[in-house]
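Working notes, structure below.
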Amino acid sequence: MKDVYEMCPKFENEHYQIRLLLKKDAADLLDVYSDEKAVSLCNSDGCSGGFHFTTMDVMCDVIKWWLVEYTNRGFVRFSIIDKYINKVIGTIELFHRDANDYFTNCGLLRLDIRSDYEKPDIIENIISLMVSETFELFDCDKIATKAKAEAVERRDALSKIGFALSEEKLIGFDSTEYGDYFVICK
């Protein structure tokens, strides 16, 4: 099995490239994380403070922390590049989750994209690049991602790819229950 923390793969099609986050992505990512509409759809379950960043200093500090988490094998934060405009338009976080709930042995995927990219065909195009590889890379039997009720386009895209809304709740480390997770099984 490939070790995603030793050699992070790239995923690519004619429209998008997905690769490990780099420090140089900060300016483009500030456009994502300062976009209140985009941030409102981010999955911040279990995270303190949310993902609304409005200064370059904060964005750079967050990227440094994300890269430390990668080095420490906590999670992988990928950047999503729109190849037509050569800009980073979002990120995908992925990690293997073991827990005492339904979402154990799970690849947990967090998708954060600019609000102007929150369209079913774009989301489908991006997520479908990674689904089959995620099972092996993160040694899991299911992939879960959150799509809030107001994320209608995201929910539509996930359904088209084969994800289904789970009635199960993800239980956080502090016993908080989180819903709105879509799951696809191996």
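Summary table
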| quantity | calculated |
| --- | --- |
| Rounded to whole Hz, the Karplus (6.51, -1.76, 1.60) HN-Hα couplings of segment 170-177, x for glycine and proline | 7, 9, x, 4, 9, 6, 5, 9 |
| For segment 12-185, size of Cβ-based charge dipole, Lys and Arg +1, Asp and Glu -1, in debye | 300 debye |
| Difference of contour (0.36 nm per residue) and Cα-Cα distance, Asp57 to Glu136 | 24.9 nm |
| Amide H within-cut-off set for Cys8, under 5 Å, with H built and near neighbours excluded | none |
| In order through segment 13-22: 3J(HN,Hα) via Karplus (6.51 cos²θ - 1.76 cosθ + 1.60), integer Hz, x for Gly, Pro | 9, 5, 9, 9, 10, 10, 8, 3, 4, 10 |
| FRET efficiency, Lys23 to Glu167 (Cβ-Cβ, R0 45 Å, nearest 0.05) | 0.65 |
| Restraint check, Lys2/Lys169; Lys23/Lys160; Lys2/Lys142; Lys83/Lys186; Lys10/Lys37; Lys64/Lys160, Cα-Cα greater than 23 Å | Lys2/Lys169; Lys23/Lys160; Lys83/Lys186; Lys10/Lys37; Lys64/Lys160 |
| For the chain, calculated [θ]222 nm from helices alone, where every DSSP H run of n ≥ 4 adds -39500 (n - 2.57) | -8000 deg cm²/dmol |
| Residue exposure sequence - Cys60, Cys106, Cys185 - by fewest surrounding Cβ within 10 Å | Cys185, Cys60, Cys106 |
| Residue among Leu30, Cys185, Thr134 farthest towards the positive dipole end of segment 12-185, charges placed on Cβ | Leu30 |
| Pair Asn72, Glu36: separation of 7 Å Cα→Cβ label points (nm) | 3.2 nm |
| Bins of 5 Å, starting at 0 and running to the largest distance - Cα pair percent for the chain | 1, 8, 17, 22, 22, 18, 9, 2, 0 |
| Euclidean distance of C-alpha centroids, segment 118-176 and segment 49-71, integer Å | 23 Å |
| Whole-percent pair-distance distribution, where bins are 10 Å wide, for the alpha carbons of segment 80-186 | 14, 48, 31, 6, 0 |
| Under 5 Å, built H, 5+ apart or other chain: amide partners of His15 | none |
| Label-point separation, Lys2 to Asp156 (7 Å along Cα→Cβ), nm | 3.2 nm |
| Phe182 long-range amide H proximity, modeled H, under 5 Å | Thr145, Lys146, Ala147, Ser166 |
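Readers should treat all values here as calculations from the given coordinates under stated rules, not as data from a laboratory. None of the values given here were measured: they were computed from a predicted structure. No Cβ is skipped: glycine too gets one built from the backbone with ideal geometry, and neighbour counts run over all protein chains shown.
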